[in-house]
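S.K.: Structure below; questions to follow.
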Amino acid sequence: MRSSLLALSLLLSTAAFAADTPAPAGDAPSAKSKEDAAKPDPDIAAASVEEDAQPKKRSISLRGRTINYTVTPGHLTIRDDDGAPKGSMFYVAYTVDGGRGAARPVTFLFNGGPGSSTMWLHMGSFGPIKVDASLPETVAGPPFRYGANPDSLLDVSDLVFIDAPTTGLSRPLGKTESKDFFGVDKDLDAFSRTIQRYLTKYGRWNSPKFIIGESYGTTRAGGLSNMLADKGIQLNGIVLVSTVLNFNSFNGDQSLVNFLPTYATNAWYHGKVAEPKPDLMSWVAEAKAFAAGPYASALQKGTAITESEMESIAQQMARLTGLSPAYILRSNLRVSPDRFERELLRDRRQIIGRIDSRYVGTDADAAGEAPSYDAQATAITGAFAGALNDYLFRELGYQTPLTYRPNNYAGIGEDWNFQHKSAQGQQLAVDTSVDLAAAMRGNPRMKLLSVNGLYDLATPFFGADYDIGHMALEPLIAANIRYTYYPAGHMMYTDPGSARQLKADLADFYASAM
């Protein structure tokens, strides 16, 4: 089970980009490069127990007005209950100058993996700076383009982007080892202590507080909602971007039910549905009704299903998904996401992306069962890593002996512990919807926004609906939940049209939560 869960890591591993001075043209290394080579590898340099903050004043024009803000990259030291340092947590905070003080909202943001830094949200979503990855195709090579973000959330809330332990520039301290952070509950403890420390250091305990988590970051956000409440930190709202709360939802027939509407949106996008092409959201509604009704019922029958029922379901499924009835029947009505990524455009000798299935690529073996890489991740990772390093180390001039790690999947390997001590007891596979439900019952004013991409084959939107819809909340509390959907992938904020709508939806959500 451990290996199958780790396979859910939602971004591919990339090499870290160092901020070293570039070598001169030609083959001869510079004198400085020889000196640097003789020094210890900066990537294994120990982080300092001393907290640091290196603020810079900047401004951005948003909707006709200039917003002056301070960007502060720095490290917070988290300590165990005995006061011993255990982690140096890297963050980049954006705070509006002359804001409303304690009354101004503060939002904590993080990506997932587990094992991903928060480079993606930081450089692609709601901050004042954004990488240009606006087209579903490979970003042109360096120099990469990044600049002012027209859809920044900074006019609504201060923003604090936090890198998970052992990713980005976050590192263990003292006697703590990297593996001491590798687990659901260990990770939750680190993030809760980091948020506590930030609130104390910057005097934000009385500010309205929000969390935005993406992917495994939504798993983390669900757990934090209850853990922070236990520490006296009351949240106004939580935003789940590309949701996975219950890891059991990736197993069994319910997983296939959850994925089927996403298969249908992909067939629609890639021209695999019959003409005349229907309206997208009408198509989604039809696919959801089929998935939750006839398809779920057919899968539940197991071997008791008749041959004629199999044929009927295969025909309906083929119409919605763009796959052939014969392929569906050979798959026993059960087509896994990785096989769908390979099969949908097999006739074109193309594969589709997992994180964002609008992206296409090719593989060495056109007859293979599953893609050998994610066409979306390879298309944008270089741009994000290159831009992040340039922005942080050159433009902001942040000083550190460490190297920024876009991820630490290789370091985690098989060591992540997916067990979780939830609000209802010990779990063998994490389901933080239990914690989130407990937090919402304890704080019935807290609002929840579920944000989903229609072309996301990593965390399907119908799966998010299912997990949240099964939290057993009373109607008055369930009324605090909103669902939004965008014609883009897992990182819908990279799509310009979706980003504009998402910003408007977030502004409305924040207003409702304060």
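S.K.: When the accessible area of the chain is split by element with a 1.4 Å probe, what percent falls to carbon and sulfur? Can you show the working numbers first?
M.R.: Values: 10650 of 20590 Å².
Here carbon and sulfur together make up 52 percent of the probe-accessible area.
S.K.: Along the charge dipole of the chain, Cβ charges K/R +1 and D/E -1, which of Ala366, Pro475, Phe247 sits furthest on the positive end?
M.R.: Pro475
S.K.: Could you sort 195-204, 456-465, 51-60 so that the peptide with the highest average Cβ count within 10 Å comes first and the rest follow in order?
M.R.: On the way: 195-204: 17.1, 456-465: 25.1, 51-60: 14.3.
The packing order, highest mean first, is 456-465, 195-204, 51-60.
S.K.: In Å³ and rounded to a whole number, note down the convex hull volume per residue for the Cα atoms of segment 457-498.
M.R.: 76
S.K.: Using a Förster distance of 22 Å, how high is the FRET efficiency between Tyr483 and Asp230, based on the Cβ-Cβ distance and rounded to 0.05? Please list the in-between numbers first.
M.R.: Values: r = 27 Å, r/R0 = 1.25.
Efficiency, from the Cβ-Cβ distance: 0.20.
S.K.: Per residue and in cubic angstrom, what volume does the convex hull of the Cα atoms of segment 319-439 have? Mind dumping the intermediate values first?
M.R.: Working: hull volume 27.4 nm³, N = 121.
Given the Cα convex hull of segment 319-439, per-residue volume reads 226 Å³.
S.K.: Quick one: which of 427-440, 120-133 comes out on top by average Cβ neighbours within 10 Å, and what's the full order, highest first?
M.R.: On the way: 427-440: 23.1, 120-133: 24.7.
In descending order of packing, they fall as 120-133, 427-440.
S.K.: Magnitude of the Cβ-charge dipole of the chain, K/R +1 and D/E -1, about the Cα centre, nearest 20 debye?
M.R.: Working: 49 positive and 55 negative charges, 241 e Å.
With Lys and Arg at +1 and Asp and Glu at -1, about 1160 debye.
S.K.: Let me know the volume per residue of the alpha-carbon convex hull for the chain, in Å³.
M.R.: On the way: hull volume 83.8 nm³, N = 514.
Spelled out: Cα convex hull of the chain, divided by residues, is 163 Å³.
S.K.: Report, ordered by chain and residue number, the lysines lying within cross-link reach of Lys86, taken as a straight Cα distance under 27 Å and ignoring same-chain residues fewer than 8 apart.
M.R.: Correct list for Lys86: Lys39, Lys175, Lys179, Lys186, Lys201, Lys209, Lys231, Lys421.
S.K.: While we're on this one: Taking a cut-off of 15 Å between Cα atoms, list the aspartates and glutamates near Lys57, but don't count ones fewer than 8 places away on the same chain.
M.R.: Asp97, Asp158, Glu395
S.K.: Beta carbons within 10 angstrom, averaged per residue: use that to sort the peptides 366-378, 146-158, 212-224, highest first. It would help to have the intermediate numbers written out before the result.
M.R.: Numbers: 366-378: 16.8, 146-158: 19.5, 212-224: 29.5.
For the peptides 366-378, 146-158, 212-224, the packing ranking is 212-224, 146-158, 366-378.
S.K.: Can you give the direction-averaged projected area of the convex hull of the alpha-carbon atoms in segment 351-502, in nm²?
M.R.: Quarter of the Cα hull surface area: 13.4 nm².
S.K.: Calculate for the chain the 222 nm mean residue ellipticity that helices alone would give, adding -39,500 (n - 2.57) per DSSP H run of length 4 or more and normalising by residue count, nearest 500 deg cm²/dmol.
M.R.: Working: 17 runs with 173 residues, N = 514.
Mean residue ellipticity at 222 nm (helix-derived): -10000 deg cm²/dmol.
S.K.: Using only Cα atoms and rounding to the nearest 10 degrees, what angle (0 to 90) does helix 280-290 make with the longest principal axis of the chain?
M.R.: 60
S.K.: Return, for the Cα atoms of segment 92-232, the radius of gyration and Dmax in Å, separated by a comma.
M.R.: 16.0, 47
S.K.: Right, here's the next one. Whole number in Å², please: accessible area per residue of the chain, 1.4 Å probe, ligands, DNA and RNA not counted. Walk me through the numbers before you get to the answer.
M.R.: Working: 20590 Å² over 514 residues.
Solvent-accessible surface per residue comes out at 40 Å².
The values are calculated or read from the model by the stated rules, or taken from the named source; none is laboratory data. The structure displayed is predicted, hence computed values, not measured ones. Methodologically, a virtual Cβ is constructed for each residue, glycine included, from the backbone with ideal geometry; neighbour enumeration extends over all protein chains shown. Accessible surface areas use protein heavy atoms only, side chains included; no ligands, DNA or RNA. Shrake-Rupley method; radii C 1.70, N 1.55, O 1.52, S 1.80 Å.
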